[in-house]
Amino acid sequence: MRHRRSEQHHSEPAAQTSSSAPSPQPVPVEEPFGPPQTCAHRDFGLSYQVIWDFVSISNNLEDMRRAWAKLFGISGSQWLILMAIADLDQGKGVSVGDVSQKIHAVSTFVTTQTKILERMGLLNRVPSTEDARVVLMSLSDEARGKIEHLSPRWEALHEYIFRDFDAEALNDVKAKLEMLKHRTKLAMQRVTDQT
């Protein structure tokens with residue numbers, strides 16, 4: 001199983017692409033948008049359907065996450081935390097702040113859940129040697145063993161989901177999703193400011 005910055009969102013680890021594939025272009029920095037303009041000539045029906053497709057994909061991934069979590073005897077959120085740590089850890093452990101940012105959850109929630117996962121024997125939590133105030137987390141040997149056991153099943157599903165995408169297509173999709181993620185964040189901020 002891929003040990004992936006998607007959301008996840010909140011979903012499972014992202015697809016791997018060929019090492020020779022070109023890196024997706026960075027999302028251009030955009031100025032905050034101004035007041036909405038009249039677009040009487042434009043039909044938003046298609047873009048609305050795309051949004052509903054995102055909702056369906058998100059729900060499907062959520063159901064998959066819960067199914068995987070059930071095999072571990074943990075919640076879907078706890079599974080997501082495990083996957084985030086597996087994806088972020090480069091051998092030195094991962095901070096609560098890094099995990100919180102990746103899964104878009106408050107740090108207090110991540111702290112509470114990782115303490116539970118530690119008691120279950122699925123996580124190691126140790127103070128940073130550079131800053132004792134920072135706790136670094138990594139998967140336990142037990143968690144790594146369970147994930148490795150499930151890897152063939154996950155990889156088969158992963159291959160099925162992305163079988164029509166080569167590396168170039170995946171990079172193109174990823175770049176466009178990064179753009180949409182950036183713009184929806186700006187849109188969310190605008191909605192928040194207006195309420």
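General observations
- Hey, residue 54 modelled with pLDDT of 90 or more and either under 20 Å from residue 181 (Cα atoms) or crowded, with 17+ Cβ neighbours inside 10 Å (or both) or not: yes
- Any hit, region 122-145, residues being surrounded by 14 or more Cβ atoms within 10 Å (Cβ to Cβ), more than 20 Å from residue 64 (Cα to Cα) and among the acidic types (Asp, Glu): no
- Residue among 70, 92 that is open to solvent by 80 Å² or more (accessible area, probe 1.4 Å), out of contact with any His (no Cβ under 6 Å at 6 or more places or on another chain), over 15 Å from residue 154 (Cβ atoms) and basic (Lys, Arg): 92
The values are calculated or read from the model by the stated rules, or taken from the named source; none is laboratory data. Note that the coordinates shown come from a computational prediction; the quantities given were computed from them, not determined experimentally. All Cβ positions, even for glycine, are placed from backbone atoms using ideal geometry, and neighbour counts span all protein chains on display. Ligands, DNA and RNA are excluded from the accessible area calculation, which covers all protein heavy atoms including side chains. Shrake-Rupley method; radii C 1.70, N 1.55, O 1.52, S 1.80 Å.
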